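The numbers here are math on the coordinates, done by the rules we state, and not lab data. Since the structure is predicted, the reported quantities are computational estimates derived from the model, not experimental observations. When we count neighbours, we look across all protein chains shown, and the Cβ atoms used for this are built from the backbone with ideal geometry, even at glycine.
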Amino acid sequence: MTLAYPRRQRQLESLVRKLGLAVEGPIKWDLLDLALTHPTVSDSANYEHLEFVGDAVVRLVAAIVLWENYPNCPVGDFAAIRSVLVSDRILAQLARSYGFELYLLVAGSATADKVGQQSRLADAFEAVLGALYLSTNNLDLIRPWLDPHFKELAAEIRLDPARLNYKAALQEWTQAHFKVLPEYRVVEISQPHNNQERFIAQVWLHGQKLGEGKGRSIKAAEQAAAKVAYLTLSTQEEH
């Protein structure tokens, strides 16, 4: 069943083709439309419920991909890798690769909120997975295009000793060596031109600055600073 609005129908068909799926398939277009509707557009008809379903779907797909490709991997590593795969950063990255921002309906002040774009895209990505799952009640519309991404990302993450979560890795290092946690100091930069890197974070340990980084959110800035610190400390240990 197609939507009553031909222009929106064509938009969604364009996205479906980008995913490598057939528009003649069993897709429930009303659900896909809902999955790409932000709460600012409608209090009741938005992606929130589908996002809830999609959150479970993306975790299941990630688990299956890891199970099939790394059957001997410890469960603890499974959990660590999956937590990165299903993070907002990775899901937003995948959403951008398919141009989700072109299809996501957003209204009000959220349209100019660049800082919140990552969470919006990640939420919409999960909602789309929910819509595709509920179209068939299985993973047939999801795994053909999502599996290759997760396989590639999982391989990269396994090669990264910090699992791409440098804050956690740095915390483990400082606790192991000094039994203390690192301290983060964050300041917001004045950005007259809406530069996405709004924050600068420094990470300190025992009165010494270990690293500094920028990001469009406090969390991103701290992660950037932690990466500098962790890689510096790791290099020093090797020598």
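Give me the percent relative contact order of the chain, please, defined on Cα pairs under 8 angstrom at least 6 residues apart.
Over the chain, the number comes to 17 percent.
If I fit a long axis through the Cα atoms of helix 218-238 and take the longest principal axis of the Cα atoms of the chain, what angle between them do I get, 0 to 90°, rounded to 10?
50 degrees
Would you mind working out the magnitude of the charge dipole of segment 166-238 relative to its Cα centre, with +1 at each Lys and Arg C-beta and -1 at each Asp and Glu C-beta, to the nearest 20 Debye?
220 debye
Return the label of the correct value of log10 I(q)/I(0) by the Debye sum over Cα atoms at q = 0.11, 0.12, 0.16 Å⁻¹, as calculated from the structure shown, out of (1) -0.60, -0.73, -1.34; (2) -0.59, -0.70, -1.20; (3) -0.68, -0.79, -1.16.
Recomputing log10 I(q)/I(0) by the Debye sum over Cα atoms at q = 0.11, 0.12, 0.16 Å⁻¹ here picks out (3).
Taking the 0 to 90 degree range and rounding to the nearest ten, how far is the long axis of helix 48-69 tilted relative to the main principal axis of the chain, both from C-alpha atoms?
70 degrees
Could you work out how far helix 6-18 tilts from the main Cα principal axis of the chain, as a 0 to 90 degree angle to the nearest 10?
Rounded to the nearest ten degrees, it is 50.
Restricting to DSSP H runs of at least four residues, report the calculated mean residue ellipticity at 222 nm for the chain, -39500 (n - 2.57) per run over all residues, nearest 500 deg cm²/dmol.
The helix-only estimate for the chain comes to -18500 deg cm²/dmol at 222 nm.
For the pairs 114/227; 28/214; 114/167; 18/151; 18/114; 151/219, flag any whose C-alpha to C-alpha distance is greater than 30 Å.
The pairs that break the limit, which is 30 Å between Cα atoms, are 28/214.
What number results when the radius of gyration of segment 73-138, computed over Cα atoms, is divided by 2.2 N^0.38 Å?
Ratio of Cα Rg to 2.2 N^0.38 Å: 1.31.
May I ask you to derive the relative contact order of segment 116-239, considering only C-alpha pairs under 8 Å and at least 6 residues apart, and to give it as an integer percent?
RCO, segment 116-239: 15 percent.
At q = 0.10, 0.16 Å⁻¹, what log₁₀ I(q)/I(0) does segment 8-133 have when each alpha carbon counts as one equal point scatterer in the Debye sum?
Reported log10 I(q)/I(0), two decimals: -0.33, -0.79.
Evaluate the distance, in nm, between pseudo-label points positioned 7 Å from the Cα of residue 138 and of residue 24 along their respective Cα→Cβ axes.
Those two pseudo-labels are separated by 2.0 nm.
When all alpha-carbon pairs of segment 166-238 are counted, what percent fall beyond 21 Å?
Roughly 25 percent, rounded to a whole number.
With r defined as the distance between the Cβ atoms of residue 69 and residue 231 and R0 fixed at 25 Å, what FRET efficiency is calculated, to the nearest 0.05?
According to the calculation, E is roughly 0.40.
Using the alpha carbons of segment 1-70, what is the convex hull volume per residue in cubic angstrom, as a whole number?
114 Å³
Return the FRET efficiency for the residue pair residue 219, residue 3: r is the Cβ-Cβ distance, R0 is 45 Å, and the value is rounded to the nearest 0.05.
Using R0 = 45 Å, I get an efficiency of 0.80.
Determine the principal axes of the Cα atoms in segment 90-191, then give the extent along each, sorted from largest to smallest and rounded to whole angstroms.
Dimensions of segment 90-191 along the principal axes of its Cα atoms: 52, 38, 20 Å.
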